[in-house]
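All remarks here apply to the structure that follows.
The values are calculated or read from the model by the stated rules, or taken from the named source; none is laboratory data. Please read these numbers as outputs of a predicted model, since none were measured by experiment. Cβ coordinates were reconstructed from backbone atoms using ideal geometry, including for glycine residues, and neighbour counts include every protein chain displayed.
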Amino acid sequence: MKIKISDLKDKIADPGLEIVLCPENDGSELRKEDKGALERMGWKGKGGEFCLLPESGRLYAGLKDRSPAELRILMAELIRFLLDKNFSTLSLAFAPDKQAYEMMKALIEGALLGAYRFDHYKSRPEKIVLQKLFIRVSAGKEDRQLALCKRAEKEARIIAKSVNLARDIVNQTPEDVSPLTMSELAKTIAKESGLRLRIQGEKYIKAQGMGAFYAVSKASPYPPQLIHLTHKPAGAKTKVVLVGKGLTFDTGGLNVKTGDHMLTMKMDKAGACTIFGVMKAVAALKLPLEVHGIIGAVENAVGQHAYKPDDVLKAKNGKTIEVKNTDAEGRLVLADCLCYAQDLKPDRIIDVATLTGACVVALGEYTIGAMGHDQTLLDSLRRSAEASGELLAELPFNRYLPKLLSSNVADISNVSSSRYGGAITAGLFLSEFIEEKNKSKWAHLDIAGPAYSSAAWGENPIGASGAGVRLLVEWLTHLSL
Ligand code: BES
Ligand code: ZN
Ligand code: ZN
């Protein structure tokens, strides 16, 4: 969708369908000539309500408040509603206030995220008529407002493109996206974005003693891939390492999942796709930080070479792990990737993973679970979630939970002995692979809930959402200031 921002005073040849944003319970924006029709259509003026009046060429939309989060959601819902209609052009008059930049950014992100559709596998995809959105800014005498809005448009476009890239990869089938495909995708992204790329295969993973990562790959015909993307601008002072779980499919392994639970497990690569999206955005925004994106791409399959419950694996840092359940594979992959990540001597280290069903039970389908040892870091992630319109809640570690991971035969077990608190014990398992000196630099984001959904919600479509991309780009942007 093309978006053009102009001054309200500038004439537009074809404004198309006019979107009228109406503050909740406030009739001041309603046109006199539309009042009768609106009444007949049962317009109540509530937030989130739409009323399309095709005859008058206007669409009324109720706005609960003028917060960026509301604007983002309303725009996404509105565009989703219009996607199967026959309007090619939309126009919208917008009066920004002190928060001009944030409001415009949210508005455009909402529009571009709402316009996302995944039709890759449809033999006859529906044609989308909608092509253009004119945003007419009543900036008054201030040229600065208009310039801010134009900058917001540029950045929102970069972010939305990155989120949509993550969605596109997650939504593709396990047949089409294997660990090897993840490496090919990394090559394309690196080339397009000017990122450095290093890819390591099975030989390296074995040679480096990454026995936990390697074990998960054993039943699959595809070799595991350790993907390392780097954005390193001259003069960068802070080094951040991001680590993503990239299970291109999770059957559960020999502890095979039931049919119901296995369906949608193509989304178990969402953490990795989040990293792809973030790295693309970081490069396009030219953030003055050194950012590394590490991805453990692998398939958890069933087969004669499968790793087994009772196996004892050795991770890169020498710790031994008793496998009690082959379906708790993500933490095994991440354990080794986190060891690799720490060799880079980062100032901050964040991992992103669809790690546990327990996190979805705890927080519901819309919220990211955040864990770690450093309150300041967790607070900064929470603020970035709020600013970017993602939902995040902290799950607290405590002194009693680590004992639940003890093993009689190895240093640690890959599952907890308790059926409760599974998201936190998974986080604590990862923490065991974080060196003491790095504990306060690390946070874990469990995106199992929001990464993939069976119904559209807010700015997110059915299927993959690109969870974590906006949050992390916002967090990195803030860190770079
Ligand atoms: N990939 C799953 C977690 C998951 C579940 C993500 C549902 C998204 C939606 C993970 O590998 C897994 O299977 N975890 C197990 C852990 C258990 C065996 C301790 C789980 O959550 O049941
Ligand atoms: Zn699993
Ligand atoms: Zn998994």
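Descriptive notes on the structure:
- Residues being surrounded by 24 or more Cβ atoms within 10 Å (Cβ to Cβ), more than 10 Å from ligand 1 (Cβ to nearest atom) and not aliphatic (A, V, I, L, M) - total across the stretch 341-373: 3
- Counted residues, the stretch 16-53 - those being in contact (Cβ under 8 Å) with a residue 24 or more places away in the chain, surrounded by fewer than 16 Cβ atoms within 10 Å (Cβ to Cβ) and assigned to a loop (DSSP other than H, G, I, E, B): 3
- Residue that is among the small types (Gly, Ala, Ser) and within 30 Å of Val177 (Cα to Cα), where the choices are Ala115, Ala106: Ala115
- Selection status of Val241, touching a residue at least 12 places away in the same chain (Cβ under 8 Å) and more than 20 Å from Thr181 (Cβ to Cβ): yes
- Residues satisfying the stated conditions in the stretch 340-360, i.e. away from ligand 3 (no atom under 15 Å from the Cβ) and either under 22 Å from Ser220 (Cβ atoms) or under 20 Å from the mean Cα position of the chain (by Cα) (or both): Tyr340, Arg348, Ile349, Ile350
- All positions within the stretch 89-110 that are touching a strand residue (DSSP E or B) at 6+ places or on another chain (Cβ under 7 Å) and over 17 Å from Ser388 (Cβ atoms): Thr89, Leu90, Ser91, Leu92, Ala93, Phe94, Pro96
- Residue list for the stretch 240-263, filter: away from ligand 1 (no atom under 16 Å from the Cβ) and among the β-branched types (Val, Ile, Thr): Val240, Val241
- Condition met for Leu197 (surrounded by 22 or more Cβ atoms within 10 Å (Cβ to Cβ), within 23 Å of the chain's Cα centre (by Cα) and not polar (S, T, N, Q)): no
- Candidates Ala61, Ala115, Ala69: the one that is touching a Phe, Trp or Tyr at 6+ places or on another chain (Cβ under 6 Å), among the aliphatic types (A, V, I, L, M), within 26 Å of Val163 (Cα to Cα) and at pLDDT 95 or above is Ala61.
- The helices (runs of 4 or more DSSP H) found entirely in the stretch 355-459 that carry 3 or more residues being more than 15 Å from Gly330 (Cβ to Cβ) and out of contact with any strand residue (DSSP E or B) (no Cβ under 6 Å at 6 or more places or on another chain) are 375-388.
- Matching residues, the stretch 159-180, being of a type in the set (S, T, N, Q) and crowded, with 19+ Cβ neighbours inside 10 Å: Ser162, Asn164, Asn171, Gln172, Ser178
- Count of the stretch 217-266 residues which are within 23 Å of the chain's Cα centre (by Cα), of a type in the set (Ser, Thr, Tyr) and away from ligand 3 (no atom under 13 Å from the Cβ): 2
- Residue in the stretch 283-295 that is on the phi > 0 side of the Ramachandran plot and more than 16 Å from ligand 3 (Cβ to nearest atom) present: yes
- Of the set (1) within 14 Å of ligand 1 (Cβ to nearest atom); (2) without any contact (Cβ under 8 Å) to a residue 60 or more places away in the chain, all apply to Lys266 but (2).
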